Amino acid sequence: MKKNLIFLGLLVVTGVVAVHYTQIVDGPVYLAEVEEETVTPEYFFGFDKTQFRIQHDTIQKGQYMSDILLPFIDYTKIQQLLSCKKDVFDARSIRAGRPYHIVHRKDSADKPVALIYEKDALNFAILHFADSLYAHADAKEVEYRERVAEGEIKSCLSNTLSEQGLSQALSVNMAEIFAWTIDFYKLNEGDHFKVLFDERYVENESIGIGEVKAIYFFHKKKEYKAFAFEQNGKVDYFDEKGAGMRKAFLKSPLKFGRMSSAYSGRRFHPVQKRFKAHKGTDYAAATGTPILATGDGQVIEARFKSNNGNYVKIRHNRTYDTQYLHMSKIKVKNGQQVKQGDVIGYVGSTGLATGPHVCYRFWKNGAQIDHRKEDFPSSDPVLKANMAAYNTSVKQLETKLESAKLYAGL
Ligand SMILES: [Zn+2]
């Protein structure tokens, strides 16, 4: 009997809560008073809708901003208004199909006071012509929502993500973060992942992804993890132990040796006796000096060619390749995996060379570059002083990743 009473009591309490809830949702009569007192004006790009009437339209093909403005203000004023700084508003850059809005003051004259041009989902410009003429550019407020996506690779990562309605940008981001550890073009069926990231929203519509915060990737029966962490004022990615995700290149393929000729768009070729580009950096050393792979990767060429002599080319990842020319002897085979610092051959003067040296060539996205001018992203580990904070952050991120099921139906 006592038990029943308590149970009944609970029911009543729950009942009351439920009633309150329904009433709030339905907007009950007794709440109306309160609402009237706290009426919050609705704004449209900063214009109070109780004070202004908004006329919506779209830029037509071949339409000029001056044509749009002419019914509202005279031509001299338009000229003045459109001569504002181009980074605030560039009248020539308006695009057909983009929305614009004319703002009228709600008075007997229905006076037009401004034009709002929506440049894209995020950015807009307002041309004010009520009293003084001026333009100002602004951006809508972006809301960041944390999301977790998970999937199993069936064909490729981008397909797996698009099945969940997620963008290509997320797979590009993940590939960049794991550039030195996972080849995203060689994923296996059965590889799986979870990723925690921010999605950016403007007015409840997604405008793309924001920061990737944590990734768990199971690839070739091994676990890979990456966590975002801010250090020295910038966000970088680290593994679970706090090591950097990207490996730096060795500054030179020789332990000792001097640079004898720099990368140059135009130099006098010592053998060919004519000006031509030197898309490499020469390091001179005695014949037989070991040449080191400047980064981890796979040997994609190891052979003799008339000008290059004996040479080796290494693919480090989808972005970077390096090449080493004029070797006296090659020590690796095509297809072989090499680690940074591995000896891949020895200095010589085979091919088109005046004396023993290694010509070191560097490719970024298929184009040759001067590696000495390239600012390679640092791969510093988490600093000792930050390790405690990092570990705490990792724990939080892992908990969020593990809660992925809560986000089922993404
Ligand atoms: Zn050279």
(request) Take the residues in region 111-146 that are charged (D, E, K, R) and in a loop (DSSP other than H, G, I, E, B), then tell me which one is farthest from C84 (Cα to Cα). (result) E141
(message) Can you list the strands (runs of 3 or more DSSP E) lying wholly within region 293-338 that have 2 or more residues being without any contact (Cβ under 8 Å) to a residue 60 or more places away in the chain and small (G, A, S)?
(response) 297-305
(message) Looking for something acidic (D, E) and assigned by TED's automatic domain parsing to the domain that holds K225 - is there at least one such residue anywhere in region 166-176?
(response) yes
(request) Among what's in region 256-278 and is open to solvent by 30 Å² or more (accessible area, probe 1.4 Å), within 41 Å of the chain's Cα centre (by Cα) and within 19 Å of G348 (Cα to Cα), pick the residue that is farthest from the ligand (Cβ to nearest atom). (result) F256
(message) Restricting to region 346-372, count the residues that are away from the ligand (no atom under 16 Å from the Cβ) and either in contact with a strand residue (DSSP E or B) (Cβ under 8 Å, 6 or more places away or on another chain) or in a loop (DSSP other than H, G, I, E, B) (or both).
(response) 4
(request) Scan Y144, Y134 and give me the residue that is in contact (Cβ under 8 Å) with a residue 24 or more places away in the chain, open to solvent by 40 Å² or more (accessible area, probe 1.4 Å) and touching a Gly at 6+ places or on another chain (Cβ under 6 Å). (result) Y144
(message) Can you pull out every residue in region 323-341 that is more than 16 Å from the ligand (Cβ to nearest atom) and either of a type in the set (F, W, Y) or open to solvent by 100 Å² or more (accessible area, probe 1.4 Å) (or both)?
(response) K329, K331, K333, N334, Q337, K339
(request) Filter region 342-365 down to the residues that are under 23 Å from the mean Cα position of the chain (by Cα) and open to solvent by 60 Å² or more (accessible area, probe 1.4 Å), then identify the one that is modelled with the highest pLDDT. (result) K364
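The values are calculated or read from the model by the stated rules, or taken from the named source; none is laboratory data. Treat the numbers as computed from the prediction; the structure is a model and nothing was measured. Methodologically, a virtual Cβ is constructed for each residue, glycine included, from the backbone with ideal geometry; neighbour enumeration extends over all protein chains shown. For accessibility, only protein heavy atoms count, side chains too; no ligands or nucleic acids. Shrake-Rupley method; radii C 1.70, N 1.55, O 1.52, S 1.80 Å.
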